[in-house]
Every structure is written in structure tokens, then in C-alpha cells.
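Novice: Quick one: structure below, then a few questions.
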């Protein structure tokens, strides 16, 4: 029996359109690679479709078991990447609502911005980038890989505005003013993406093309600077948040979020850019700098990553490359990755994932898609069944 998708009646659509004109015509042109499918409708506007596609994609669930900052703890109260993207979305939607922006576009960018992130957070990203660059001369960055996952691997036919916002989210770089750049086509966008693979400095030059994406970019920072302090206390990386300097935005998570939202809205309302005043921006920079000093550059944690996690990435990369070279279709990389993708995309594209990509890209895609638990279990399964990562249990503190 053919699948049937019911539609709203023309009368109901007319009534909704009268009350909510934004559902009839998107704020931007909402370009897609395939403009003949996924048309903007009253029931499912363009950016709402993007959000639903991202949330129902293969890898969205995997956010729940990917490190945000702290990897070596069994503690359900520590933030994982799933919580982070939700928090980014919530803060960004608050600002976007006050500024009269498209909340569906904000949500799509926020929920998709880290979907290409590696296991074990930014440290895992650095390890994978080093291997990938040494073998290919190209660079791996999680924001670029998020675009690859959604656009090139899963072929979700997302809008240009959503993909560009994900590419340019760059929450590691704070600015006092965010002014959108112009972007007219996928050809221009593809050039921006490719530049990030071949030029290490290109990441730092990315500018979003919409005000909604600018909001998500600043909210990526707002969402983690205070929350990471809370998690650092829970894990005893620091003993309390009072070691941090107090400032106009505060030293704790709640006032930071509130005060930065207020300042952004006060300085941005009715303008075509986002703005923080000088005092709040300098406070944000100092806050982030303190986080690096006391949390992110913690010697004990970084030594664990170097001694425990880096060899896992290196050995697995080698083993998985050899599995591809062997052509054994029963190997893990075929059963758990290649077949999984080909099956999920069979109705979207005739492209065969294995035939369309290099071995290095396939292995990099696979490792980046893994959760923390999966990569550890895979290492045990393929290399060392007695391996112990040395998690700190619930009862050691």
C-alpha cells in the first residue's frame, strides 16, 4: 500500500496563513539543493522541515553519549553534547524571539551544529584532525564535518541558510559584533566548505549569512561558559566557582545567561547585526580565558587524554583502513557504518557511499560518528579485550 500523507484543508491553511504570515513565505529564500522536493508549506515550513530532519537523522541520538568537556567520569549530572545543543537552542530562541527572528531556523542550526562532533569532545577532534591531516593533507573540523554529515553523507536536502549557520557556528571564537555576510548560492557555500579542508586559517574567517545564525554562534559560547564551571565543580576539577573573578556578567551560569541575553537584546534590537557593549564583551572574554586556565588546560585531564584516548584513535584508524583494504564485507566498518548509511539513504540518492568516498574519508566519517562508549567497546572488540579506560565511578568522590 502506498504511503499516504494527509494535508491540511485549504480553509484551515487560509486561516493559519492569516494569523501567521511567516508560515506562508520564509524570511529568506530557503534554497535547497533539490528545490523540487521538500517545498515550503503552511504545515511544514522550510526551516521546521530542517529541524525535523536533523532530529530524526541517524546520528542525532548519539549526542547523548558524546563528551561535552569531561570524559572520565560516570556521572549522569555532567553535561553531554545532547544537553549542550538543547541549551544553545533554548538561549538562542529566547534572544531570537525578542529580536523578531525566525525561531525555526534558529532551532535547526542549534540542534544540528555539533552533529559531526567526535567522541571525547574537542580533544578527540584534535586527535582525528592530526591523523587525517597527516594522511591526506586536509583538515578535520567538527563544524565542517557537521555539514558533511547532513549534506553529503545523509543527503537530507537541508536549506542553504541552515547549513551555512551550522558551518559558521564557531563557538570557540567570540566577537563583540556579529554582522551577517552575503551568501547567494550553494556554489558559494561549497567553496567556503572546501576552503576549510585545505586552509587551516579558513575556519577563523567564517561569517554567518543570517542574523539567526549569528545568534546561534554567540549562544554556543553563552551555553557552555557557565555550565562548564558547574560541571568542573561536580567533577572536582575545581572545588568551587568562587576561584573565578566576578564581573558584570557574573561568575555563575544563571546570571551569565541572563546578563548576556539582556545586553545582546539591548544593543541589537532593530538592527541588522548583533552587538555586545564593550564592558560585557570584555567580561565574556575574561570569563572564557579563566575557563581555559582552570578547566580546559587542566594538566591531569590532558595527560589522560594523551595517554589513554590518543592511542585509541590512532590504532583504530589503522585497523579500520585495513578492513577497507581487505574488502571483507563482514568487517565492522562495513556492517556498522557503510551498510548503515547505504540503507538509510537508499530513497534519497542512488550514490553508493563506499564507491563515492576515499578510504580515509570513510574511516574519518566512522570514527567521528562514534559515541564515547562505542569507540571504547570497538577498541576492546578489535584490539584489546582487557582495555580499561579507568572511569572515575559514582562512589569515588
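The values are calculated or read from the model by the stated rules, or taken from the named source; none is laboratory data. In this text, all values refer to a predicted model and were calculated from it rather than measured experimentally. Glycine gets a Cβ as well: all are built from the backbone with ideal geometry, and neighbour counts include every protein chain shown.
Novice: If you check residue 252 against the conditions, is it out of contact with any helix residue (DSSP H, G or I) (no Cβ under 8 Å at 6 or more places or on another chain), in contact (Cβ under 8 Å) with a residue 12 or more places away in the chain and surrounded by fewer than 21 Cβ atoms within 10 Å (Cβ to Cβ)?
Specialist: no
Novice: For residue 96, are the conditions met, namely being in contact (Cβ under 8 Å) with a residue 24 or more places away in the chain, touching a helix residue (DSSP H, G or I) at 6+ places or on another chain (Cβ under 6 Å) and crowded, with 19+ Cβ neighbours inside 10 Å?
Specialist: When the stated conditions are applied, residue 96 passes them.
Novice: Also, quick follow-up: Can you find a residue in region 32-40 that is buried (at least 18 other Cβ atoms within 10 Å of the Cβ), touching a residue at least 24 places away in the same chain (Cβ under 8 Å) and in contact with a strand residue (DSSP E or B) (Cβ under 7 Å, 6 or more places away or on another chain)?
Specialist: For region 32-40, residues buried (at least 18 other Cβ atoms within 10 Å of the Cβ), touching a residue at least 24 places away in the same chain (Cβ under 8 Å) and in contact with a strand residue (DSSP E or B) (Cβ under 7 Å, 6 or more places away or on another chain): present.
Novice: Looking only at region 203-240, count how many residues are farther than 30 Å from residue 76 by Cα, more than 17 Å from the chain's Cα centre (by Cα) and modelled with pLDDT under 95.
Specialist: 1
Novice: Shifting gears a bit: Does region 70-81 contain at least one residue that is part of a helix (DSSP H, G or I) and either under 16 Å from residue 216 (Cα atoms) or at pLDDT below 95 (or both)?
Specialist: Yes, region 70-81 contains a residue that is part of a helix (DSSP H, G or I) and either under 16 Å from residue 216 (Cα atoms) or at pLDDT below 95 (or both).
Novice: Take residue 38 and tell me if it is under 26 Å from residue 183 (Cβ atoms), at pLDDT 90 or above and in contact with a helix residue (DSSP H, G or I) (Cβ under 7 Å, 6 or more places away or on another chain).
Specialist: For residue 38, the condition - under 26 Å from residue 183 (Cβ atoms), at pLDDT 90 or above and in contact with a helix residue (DSSP H, G or I) (Cβ under 7 Å, 6 or more places away or on another chain) - is not met.
Novice: If you don't mind, there's one more thing I want to ask. Going by the structure shown, is residue 153 more than 20 Å from residue 106 (Cβ to Cβ), touching a helix residue (DSSP H, G or I) at 6+ places or on another chain (Cβ under 8 Å) and either free of Cβ contacts under 8 Å to residues at least 40 places away in the same chain or buried (at least 19 other Cβ atoms within 10 Å of the Cβ) (or both)?
Specialist: yes
Novice: Taking the conditions exactly as written (closer than 25 Å to residue 275 by Cα, over 15 Å from the mean Cα position of the chain (by Cα) and outside any helix (DSSP H, G or I)), does residue 184 satisfy them or not?
Specialist: So residue 184 passes the test.
Novice: From the set of residues in region 255-274 that are in contact (Cβ under 8 Å) with a residue 24 or more places away in the chain and surrounded by 19 or more Cβ atoms within 10 Å (Cβ to Cβ), which is farthest from residue 180 (Cα to Cα)?
Specialist: Per the criteria, the residue is 256.
Novice: Pick out the one residue from 267, 263 that is touching a strand residue (DSSP E or B) at 6+ places or on another chain (Cβ under 6 Å), farther than 20 Å from residue 71 by Cα and part of a helix (DSSP H, G or I).
Specialist: 267
Novice: Next question, about the same structure. Is it true that some residue in region 6-23 is surrounded by fewer than 18 Cβ atoms within 10 Å (Cβ to Cβ), closer than 27 Å to residue 365 by Cα, at pLDDT 90 or above and touching a helix residue (DSSP H, G or I) at 6+ places or on another chain (Cβ under 8 Å)?
Specialist: No, that holds for no residue.
Novice: Provide a single number: the residues in region 359-397 that are without any contact (Cβ under 8 Å) to a residue 24 or more places away in the chain and more than 23 Å from residue 121 (Cβ to Cβ).
Specialist: Result for region 359-397: 3.
Novice: Would you pick out the residues in region 115-137 that are more than 22 Å from residue 73 (Cβ to Cβ), in a loop (DSSP other than H, G, I, E, B) and in contact with a helix residue (DSSP H, G or I) (Cβ under 6 Å, 6 or more places away or on another chain)?
Specialist: Within region 115-137, 115, 116 qualify.
Novice: Looking only at region 200-220, which residues are crowded, with 21+ Cβ neighbours inside 10 Å and assigned to a helix (DSSP H, G or I)?
Specialist: Across region 200-220, the qualifying residues are 211, 212, 213, 214, 215, 216, 217, 218, 219, 220.
Novice: Only one of (1) in contact (Cβ under 8 Å) with a residue 24 or more places away in the chain; (2) farther than 23 Å from residue 212 by Cβ fails for residue 47. Which number is that?
Specialist: Going through (1) in contact (Cβ under 8 Å) with a residue 24 or more places away in the chain; (2) farther than 23 Å from residue 212 by Cβ one by one, residue 47 breaks only (2).
Novice: From 145, 133, which residue is over 24 Å from residue 45 (Cα atoms), buried (at least 20 other Cβ atoms within 10 Å of the Cβ) and out of contact with any strand residue (DSSP E or B) (no Cβ under 9 Å at 6 or more places or on another chain)?
Specialist: 145
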